[in-house]
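The values are calculated or read from the model by the stated rules, or taken from the named source; none is laboratory data. Bear in mind the structure is a predicted one, so any value in this text is a computation, not a measurement. So basically every Cβ, Gly included, is an ideal-geometry build from the backbone, and we count neighbours across all protein chains shown.
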Amino acid sequence: MKEEKNRIVFIMGVSGVGKSTIGNLLSEALGIPFFDGDDYHPKENILKMSNGQALNDKDRQGWLETLNDLAKRELQGQGAIIACSALKASYREILNRQIQKDVHWVFLNGTFEEIKKRIGGREGHFMSADLLQSQFDSLEVPEHAIDVDISLTPKKIVEVISNQLEKSVFGLFGLGVMGKSLARNLASRGFNISLFNRHVDGQEVDVAKNFKEEFAELSAAAPFDDVAAFVGSLQKPRKIMLMVNAGKIVDDVIEDLLPHLEDGDILIDGGNSNYNDTNARVEYLKSKNIKFVGTGVSGGEEGALKGPSIMPGCDPEAYQEVKPYLEAIAAKDANGLPCCAWIGKGGSGHFVKMVHNGIEYVEMQLLAEVFTILQGMGKTPDQIADILESWKATSNSYLLEITIDILRKKEGDDWLVNKIMDKAGNKGTGNWTAIASAQLGVPSTMITSALYARYISFYKEERMTANQNITPQQEKTLNFITEELLEAYQFARLMNHYQGFKLILEASNSYNWELNLSELSRIWTNGCIIRSDLMVELVDLFKTSENLLMNETIIQKLKNLKPSAKKVVAACVLEEVAIPNLSESINFLNSFTVAESSANLLQAQRDYFGAHTYQRKDDDSGKFYHTDWLND
């Protein structure tokens with residue numbers, strides 16, 4: 001038997017199922033102490049039951065809290081077996097408090113007649129057969145317990161329980177960079193896990209086995225390259241996190257797993273899947289009685305290992321079952337709370353991760369533009385790093401910090417950044433964000449601009465030719481100071497975060513997700529790529545307003561920063577310095593703050609050539625008009 005310490009096994013069921021008998025036998029088998037929950041009832045509860053009265057929730061509250069304290073205390077030693085009826089889910093929540101990841105539930109299951117007969121044969125038991133029906137009426141059958149039929153012999157029941165306890169509590173399918181980091185993270189938190197990676201002759205052989213042997217924290221992990229054996233190694237309901245590339249491969253993996261899964265098992269897609277695909281998979285797997293959790297994970301390799309930001313989208317019931325594992329491995333915010341929370345239903349988790357990446361595109365592009373501007377002012381990478389270092393006092397972020405590190409990295413006598421080809425790639429989430437923005441009719445112009453900046457960069461040869469043919473080679477004269485550049489950068493970041501969260505809000509309204517922007521900001525304050533001091537500010541700002549352009553604090557900041565943003569953008573345009581995102585931040589706000597726009601002419605043009613009609617300012621009825629523009 002695999003050695004496992006610091007575990008609590010609650011044996012539950014109605015009175016008469018044999019909780020004490022099985023608890024004692026299991027205690028002997030596992031070598032950890034047994035406690036009968038009935039022994040911890042206060043005198044008033046025992047008296048009430050002896051008089052034939054059923055306990056109510058108020059009667060049980062203190063008793064359940066006492067057992068929870070007992071479990072916490074025993075976890076400091078070897079762990080324990082505790083017998084407790086725990087008939088309702090709310091009771092089990094009390095027993096689970098602060099120890100959920102260390103708890104295993106065993107449900108001793110039997111029929112009313114079978115248990116009534118057992119109780120009738122017991123002398124002196126305080127639970128009369130007459131009270132049994134009230135227990136059955138109260139019983140809420142657990143979804144995530146080891147379910148054992150009491151018609152089996154006690155020896156066989158203990159064997160079934162022991163075999164299940166030997167199994168892993170969580171499975172990782174796919175051992176790429178992120179999969180390996182998450183596996184190590186889970187194992188380091190004390191979870192027994194199973195690892196799977198495919199077998200490909202000559203290419204991928206014994207990947208899981210070799211990975212396990214590489215790291216001490218994986219000593220108790222079970223490695224597999226056979227799907228059936230991997231699934232069979234997991235406790236029911238099985239919880240399997242898929243860490244494979246987005247797209248068709250996710251569907252292929254699901255089909256490979258389905259023949260081995262059972263009702264109530266849970267699949268967690270931790271890749272960057274498209275939220276529309278996630279919506280479809282949720283519905284498909286619901287028809288198979290399998291729960292599906294589309295989960296955004298941000299933080300890169302290091303974040304996945306030390307604590308990422310995690311964004312699960314699913315039914316609330318499914319989240320409760322994966323919550324102990326996901327919250328245990330997540331980064332922690334300033335108050336020590338996990339940077340993981342239930343986002344909403346369906347594909348909401350993958351949607352907000354997609355927009356997270358769109359915001360990330362802009363944050364990266366803005367820093368690249370700052371780099372370009374400071375280069376144009378004659379600064380070396382070291383000097384630029386020093387300037388950015390000074391910005392940390394008011395505008396710190398993870399991306400700012402890594403940019404400073406990058407700019408200081410030398411290779412020989414030159415900076416490494418100068419040797420890197422200026423062609424930026426993307427993995428699709430930026431494209432999806434732009435598409436979603438267009439589909440929802442939300443002007444996420446900065447995300448689109450940052451995406452197109454990457455596309456432009458890829459045309460390296462054409463850019464070099466155009467540079468010779470069109471752009472005059474001249475020295476740049478940028479007449480502003482670095483403090484003004486900082487304020488322009490701060491202005492653009494505010495506009496970026498407004499647009500990103502506006503897109504999330506509109507999606508929430510359109511898909512009835514009821515997303516909590518403050519909570520989303522909170523789980524983005526640590527672990528993820530876009531964590532920043534600004535994100536910390538947004539946690540409180542979103543508690544009073546979902547629209548940043550309606551928030552007095554943001555309005556005042558934009559007013560204060562806009563003069564510098566205008567000055568920097570104007571100077572760069574005149575000197576032909578490419579700053580698509582900085583300029584778009586000004587263009588967007590100028591467009592958005594125009595009370596009377598030129599869209600009236602656009603609508604007239606549409607009516608002229610396509611009879612699309614228009615509304616009139618002097619008619620507030622909402623009526624639509626059409627004009628024959630060629631005749632008086």
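Among the residues making up region 379-432, those that are β-branched (Val, Ile, Thr) and either closer than 21 Å to Ser532 by Cα or at pLDDT below 95 (or both) are Ile384, Ile387, Thr394, Ile402, Thr403, Ile404, Ile406, Ile420, Thr429.
Of the candidates Lys209, Lys180, the single residue that is of a type in the set (Lys, Arg), free of Cβ contacts under 8 Å to residues at least 60 places away in the same chain, over 26 Å from Val106 (Cα atoms) and surrounded by 17 or more Cβ atoms within 10 Å (Cβ to Cβ) is Lys180. Total residues in region 391-420 satisfying the condition of being among the hydroxyl-bearing types (Ser, Thr, Tyr), under 22 Å from Glu484 (Cβ atoms) and in contact (Cβ under 8 Å) with a residue 40 or more places away in the chain: the figure is 3.
Looking across region 237-259, just one residue is more than 17 Å from Gly294 (Cα to Cα) and surrounded by 16 or more Cβ atoms within 10 Å (Cβ to Cβ), and that is Pro237. For region 587-632, a residue qualifies if it is in contact with a helix residue (DSSP H, G or I) (Cβ under 7 Å, 6 or more places away or on another chain) and over 30 Å from Leu558 (Cα atoms), and the qualifying residues are His612, Thr613, Tyr614, His626, Thr627, Trp629.
Applying the condition of being touching a residue at least 60 places away in the same chain (Cβ under 8 Å) and not in a helix (DSSP H, G or I) to region 570-608 and asking which residue is nearest to the chain's Cα centre (by Cα) yields Ile579.
Do we have any residue at all in region 213-221 that's aromatic (Phe, Trp, Tyr) and in a loop (DSSP other than H, G, I, E, B)? Can you show your working first?
Looking only at region 213-221, we keep the residues that are aromatic (Phe, Trp, Tyr), and these are 215.
Now narrow it down to the ones that are in a loop (DSSP other than H, G, I, E, B): 215.
Scanning region 213-221, I find at least one residue that is aromatic (Phe, Trp, Tyr) and in a loop (DSSP other than H, G, I, E, B), so the answer is yes.
Within region 420-528, which helices (runs of 4 or more DSSP H) (wholly inside it) include 1 or more residues that are of a type in the set (Phe, Trp, Tyr)? Break it down stepwise before answering.
Values: elements: 429-440, 445-458, 460-469, 482-511, 517-523.
By residue number, 429-440, 445-458, 482-511.
Look at region 526-544: where a residue is under 15 Å from Asn357 (Cβ atoms) and a partner is part of a helix (DSSP H, G or I) and among the hydrophobic types (A, V, I, L, M, F, W, C), sitting 6+ places away or on another chain with Cβ atoms under 7 Å, you get Ile529/Leu399; Ile530/Ile359.
If I filter region 469-507 down to residues being of a type in the set (Asp, Glu) and touching a Leu at 6+ places or on another chain (Cβ under 6 Å), which single residue comes out as surrounded by the fewest Cβ atoms within 10 Å (Cβ to Cβ)?
First pass over region 469-507, keeping only residues of a type in the set (Asp, Glu): 475, 483-484, 487, 506.
Among the residues that remain, those that are also touching a Leu at 6+ places or on another chain (Cβ under 6 Å) are: 487, 506.
Details: Glu487: 23, Glu506: 16.
Looking at the filtered set, the residue picked out is Glu506.
The residues of region 68-91 that are surrounded by 16 or more Cβ atoms within 10 Å (Cβ to Cβ), closer than 21 Å to Ile32 by Cα and of a type outside the set (Gly, Ala, Ser), listed by number, are Asn68, Leu70, Glu74, Leu75, Ile81, Ile82, Cys84. Do we find a residue being modelled with pLDDT of 95 or more and within 14 Å of Cys340 (Cβ to Cβ) anywhere in region 275-290? Within region 275-290, none of the residues are modelled with pLDDT of 95 or more and within 14 Å of Cys340 (Cβ to Cβ). Checking each residue in region 30-67 for being free of Cβ contacts under 8 Å to residues at least 12 places away in the same chain, surrounded by 13 or more Cβ atoms within 10 Å (Cβ to Cβ) and either in contact with a Leu (Cβ under 9 Å, 6 or more places away or on another chain) or more than 17 Å from Leu132 (Cβ to Cβ) (or both) picks out Lys48, Gln53.
Given the residues Leu388, Leu326, Leu366, which is the only one that is surrounded by 21 or more Cβ atoms within 10 Å (Cβ to Cβ), in the same structural domain as Met446 (by TED's automatic domain parsing) and of a type outside the set (Ser, Thr, Tyr)? Spell out the reasoning first.
Working: Leu326 fails: in the same structural domain as Met446 (by TED's automatic domain parsing); Leu366 fails: in the same structural domain as Met446 (by TED's automatic domain parsing).
Unique residue meeting the criteria: Leu388.
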